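Take a look at the structure set out below.
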Amino acid sequence: MNRTRFAAAVSLALAGGLVLAGCASDGDGSGSGAAETGNEFDLVTGGTLTVGTEGTYRPFSYHEDGGSGALTGYDIEIITAVAEKLDLEIAFQETQWDGIFAGLDAGRFDVIANQVSINPEREELYLFSTPYTVSPGVVIVPEDNTDITSLEDLAGKTTAQSRTSNWYEVATEAGATVEPVEGWAQAATLLRQGRVDATVNDKLTFLDYQETEGETGLKVAAELDDASENAFAFTKDKDTLVAAVDEALAELKEDGTIAEISEKYFGEDVSE
């Protein structure tokens, strides 16, 4: 298999339910690499890696220009770079999260690229690639706060948490009084207004917020021990494809492509 070196990942895709973009090049610009590739990976469409993703999950999988532009994001750029390594074209099928695993099970796509967390329940049903995102939980406070430096310091303090998030339980177990909110945006607003002392959330969420908003007046006061590892998900019969994707991810890690994509979206390498 011709595995070309890939210096920089490029966001590929057009808005729509199914988008196709040629990724492979054989050096003379003819793009015949994918056509020459057989279906050794038992793909939905030979020569094409079909990817299930939400398309509404910023900064991982979303449309530019407020939703009307091209499909892009951290996950989109990394899976596109993987497809390039494998000399495959790439197609995206946008699917709501609630139905994305059902779509994978039904054979509508070959892989899910949508920040899928690895957990024991999912590992019983699916295969996973090497994680390409590692994100610990963090305690976030105003920059001038010196009272909170650990999760234990939340005892007796007030935090803002989404009631449906696992962070709600984490904050409660730490002894905090929790102010229920709709999501991260509301939690950050309450924190910046001084109406709560802290919030517990995913580090990636905070890094994206900083990249988007600039100076926020907030900081990470503590990083939790447990970290979420996120990877591409496949059905159990795709072991050959998983091995090839892992090899591609290793090459992209080695040549700095993953770090470059990560820096673009989060300001630091979140792949390890």
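Bear in mind these aren't lab numbers, they're just calculated from the coordinates by the rules spelled out. Model, not experiment: these values are computed from the prediction. Cβ: placed from backbone, ideal geometry, glycine included. Neighbour counts: every protein chain shown.
Please give the charge dipole size of the chain, origin at the Cα centre, charges +1 on K and R Cβ atoms and -1 on D and E Cβ atoms. Round to the nearest 20 debye.
540 debye
Taking a point 7 angstrom from the Cα of Glu173 along the C-beta vector, which residues in segment 225-250 have backbone N less than 13 Å away? Taking a point 7 Å out along Cα→Cβ of Glu173, the residues of segment 225-250 whose backbone N falls under 13 Å are 225-227.
For the pair Glu213 and Asn39 in one chain, pulling the backbone fully straight at 0.36 nm per residue adds 58.2 nm over the alpha carbon distance. Legend: calculated FRET efficiency, Ala106 to Lys236, from the Cβ-Cβ distance at R0 = 25 Å, rounded to 0.05, equals 0.95. Using the rule -39500 (n - 2.57) for each DSSP H run of four or more residues, divided by the residues of the chain, the 222 nm mean residue ellipticity is -8500 deg cm²/dmol. Electrostatic bookkeeping for Gly52 treats Lys and Arg as +1 and Asp and Glu as -1; over the other residues with beta carbon under 14 Å from its beta carbon, the sum is -4.
Local charge sum around Gly156 (other residues, Cβ-Cβ under 12 Å, Lys/Arg +1, Asp/Glu -1)? Mind dumping the intermediate values first?
Details: positive: Lys157; negative: Asp147, Glu152, Asp153, Asp197.
Value of the local net charge: -3.
List the trypsin sites (Lys or Arg not before Pro) within segment 165-258 that DSSP assigns to loop and that have no more than 11 neighbouring Cβ atoms inside 10 Å.
Values: sites: Arg192, Arg195, Lys203, Lys219, Lys236, Lys238, Lys253; in loops: Arg195, Lys236, Lys238.
Hits after loop and neighbour filter: Arg195, Lys236.
Largest GNM mean-square fluctuation among Ile148, Ile78, Ile90, using the chain with Cα springs under 10 Å: Ile148. Taking θ as phi - 60° and the Karplus parameters 6.51, -1.76 and 1.60, the scalar couplings of segment 98-115 work out to 4, x, 6, 6, 4, x, 5, 4, 7, x, 6, 8, 8, 7, 9, 10, 6, 6 Hz in sequence order, x denoting glycine and proline.
Among the GluC sites (Glu not before Pro) within segment 137-214, those in coil by DSSP and having at most 16 neighbouring Cβ atoms inside 10 Å are Glu143, Glu182. With angles folded into 0 to 90 degrees, how steeply does helix 257-266 sit against the dominant principal axis of the chain? Use alpha carbons for both and round to 10. With both axes taken from Cα atoms, the answer is about 40 degrees. Pairs of lysine residues in segment 116-272 that meet both criteria, 8 or more places apart or on different chains and Cα atoms under 27 Å apart, total 9. Each label point was placed 7 Å from the Cα along the Cα-to-Cβ direction; for Glu260 and Gln96 their separation is 3.8 nm. Residues whose amide H comes within less than 5 Å of that of Ala176, counting only those at least five positions distant or on another chain, are Gly156 (H built at 1.01 Å from N in the peptide plane). Here's how it looks for Ala222: its modeled amide H is under 5 Å from those of Val139, which are all 5 or more places away or on a different chain.
Restrict the search to segment 74-167; then list the trypsin sites (Lys or Arg not before Pro) that DSSP places in a loop and that have at most 11 other Cβ atoms within 10 Å of their Cβ. If you can, show how the numbers build up before the last one.
On the way: sites: Lys85, Arg108, Arg122, Lys157, Arg163; in loops: Arg108, Lys157, Arg163.
Sites meeting the loop and neighbour criteria: Arg163.
Would segment 101-163 count as rounded, prolate or oblate if I go by the C-alpha gyration tensor, calling it rounded below 1.5 in a/c and otherwise prolate when a/b exceeds b/c, oblate otherwise? Prolate, since a/c reaches 1.5 and a/b exceeds b/c.
Taking the chain as a Gaussian network, Cα atoms linked when under 10 Å apart, which of Gly46, Gly103, Gly214 shows the biggest mean-square fluctuation? Comparing Gly46, Gly103, Gly214 in the GNM, the peak value goes to Gly214. Between the helical axis of 203-213 and the longest alpha-carbon principal axis of the chain there is an angle of about 90 degrees. At full extension, Ala243 and Gln186 could sit 16.4 nm farther apart than now, given 0.36 nm per residue minus the alpha carbon distance.
Could you list Ser262, Ser61, Ser150 in order of exposure, starting from the residue whose Cβ has the fewest other Cβ atoms within 10 Å? Intermediate results must be reported in sequence, preceding the final value.
Numbers: Ser262 22, Ser61 26, Ser150 12.
Starting with the residue having the fewest Cβ neighbours, the order is Ser150, Ser262, Ser61.
Working from Cα positions, state the angle (0 to 90°, nearest 10) between the long axis of helix 239-254 and the longest principal axis of the chain. Its long axis makes an angle of about 70 degrees. Neighbour counts of other Cβ atoms within 10 Å put Leu88, Leu125, Leu190 in the fewest-to-most order Leu125, Leu190, Leu88. Annotation: amide H of Gln161 within the under-5 Å range of Glu179, Val181, sequence separation 5 or more or interchain, hydrogens built in the peptide plane.
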